[in-house]
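The values are calculated or read from the model by the stated rules, or taken from the named source; none is laboratory data. Here the structure is a predicted model, which means the values were calculated and not measured. Heads up, the Cβs are rebuilt from the backbone with ideal geometry, glycines too, and the neighbour counts pull from every protein chain shown.
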Amino acid sequence: MAEFSIYQIFYSEQTRQACDPGFLPLDYLTNDRPDWREYWPIRRFILSQGIKPDHYYGFLSPKFQEKTGLSATSVFEFLKKPGEAFDVALFGPFFDQGAFFLNPVEQATTGHGDSHNWDELIRQFFPDFVGKAAVTTSQNTVYCNYFVASGRFWEVWFNQCEQIFALAENPTTELGRALNGQVSYADSRAPMKPFVIERVATLLLATQPQWRVRVYDPLQLPFDSRFFIPRRKEMMVLDALKLAYQARDVPAYLETYILYRNQIIRQLQAQGLMVSKKD
């Protein structure tokens, strides 16, 4: 039987109080590298304690319940329910973001900007993220690092993240400097690098099909954009078209997805709800 160690990170007394007692606490009260956000305590844990290949781990932010509505009880019930074996279990909110955008990289360049450097990062670290692999769906999209995975997956994830980490910690290159540069985040600015780390799991699942994935129904979790909440069915159609393209590799599905998305964009623009977007 699989064993699980799911940690919830806290970096202040307030976030400690917000943690679910059903998860293991991961103390980050020092908060000594806020520029890396949750990656720093995850990195510290892996380097100091190591990970077992057949053990399952999760490292959740203190906002997990706020963003997903899920308790630790719900998470463990899902992980332990009978079914096919899995390497990675996804608890990703924001179905609308995964459906509306071709992939989380496109979503990042729209939300955070700096598309040139995102393209350079993908070319350097994920050269296989092209063509069909670049069309992600609700079945392999991860936001906020809300996933639980075997130690084997975490090892691959960590090795990839450490390459990005090394580039950012020695910013002698244009790309290294870009990782430390400020990008748009909500109504403020933040370093680019943690947003790159948050997309590594998706990029691995999209380019490495050997991983077995179990997905908590994202339609049961909160949407991100108030624009898309009343467009639930449209978001489902967009995701279904991408799933069909993934399954059958028929270009017409992807073409229809683009046409349908452009129709939604025009409707939103007509209502003054969305700026122009280039496809």
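Quick look at the numbers
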item	result
Residue list for the stretch 17-42, restricted to those being of a type in the set (D, E, K, R) and without any contact (Cβ under 8 Å) to a residue 40 or more places away in the chain	D27, D32, R33
Only one of T110, T137 that is closer than 20 Å to A244 by Cα and of a type in the set (S, T, Y)	T137
Condition broken by A89, with the remaining ones in (1) within 21 Å of W211 (Cβ to Cβ); (2) in contact with a Pro (Cβ under 6 Å, 6 or more places away or on another chain); (3) among the aliphatic types (A, V, I, L, M) satisfied	(2)
Residue, surrounded by the most Cβ atoms within 10 Å (Cβ to Cβ), within the stretch 93-119, restricted to residues that are among the small types (G, A, S) and either on the phi > 0 side of the Ramachandran plot or out of contact with any Leu (no Cβ under 7 Å at 6 or more places or on another chain) (or both)	G98
Where Q139 falls short, out of the listed (1) modelled with pLDDT of 90 or more; (2) out of contact with any strand residue (DSSP E or B) (no Cβ under 7 Å at 6 or more places or on another chain)	(2)
Residue count, the stretch 143-175 (criterion: buried (at least 22 other Cβ atoms within 10 Å of the Cβ) and of a type in the set (S, T, Y))	3
Residue within the stretch 263-279 that is of a type outside the set (S, T, N, Q), within 16 Å of Q139 (Cβ to Cβ), over 20 Å from the mean Cα position of the chain (by Cα) and in a helix (DSSP H, G or I) present	no
Filtered residues of the stretch 63-73 (kept if of a type outside the set (S, T, N, Q) and either within 30 Å of Y257 (Cβ to Cβ) or crowded, with 23+ Cβ neighbours inside 10 Å (or both))	F64, K67, G69, L70
Some residue of the stretch 242-253 being closer than 30 Å to Q65 by Cβ and either of a type outside the set (S, T, N, Q) or touching a residue at least 12 places away in the same chain (Cβ under 8 Å) (or both)	yes
Single condition T109 does not satisfy, out of (1) over 15 Å from N140 (Cβ atoms); (2) at pLDDT 95 or above; (3) not small (G, A, S)	(2)
Residue match in the stretch 23-35 (condition: part of a loop (DSSP other than H, G, I, E, B), over 19 Å from Q160 (Cα atoms) and touching a strand residue (DSSP E or B) at 6+ places or on another chain (Cβ under 6 Å))	yes
Residue list for the stretch 3-58, restricted to those being in contact with a Cys (Cβ under 9 Å, 6 or more places away or on another chain) and polar (S, T, N, Q)	Q8
Options F59, F86, F76: the member that is at pLDDT 95 or above, in a helix (DSSP H, G or I) and either surrounded by 15 or more Cβ atoms within 10 Å (Cβ to Cβ) or among the hydrophobic types (A, V, I, L, M, F, W, C) (or both)	F76
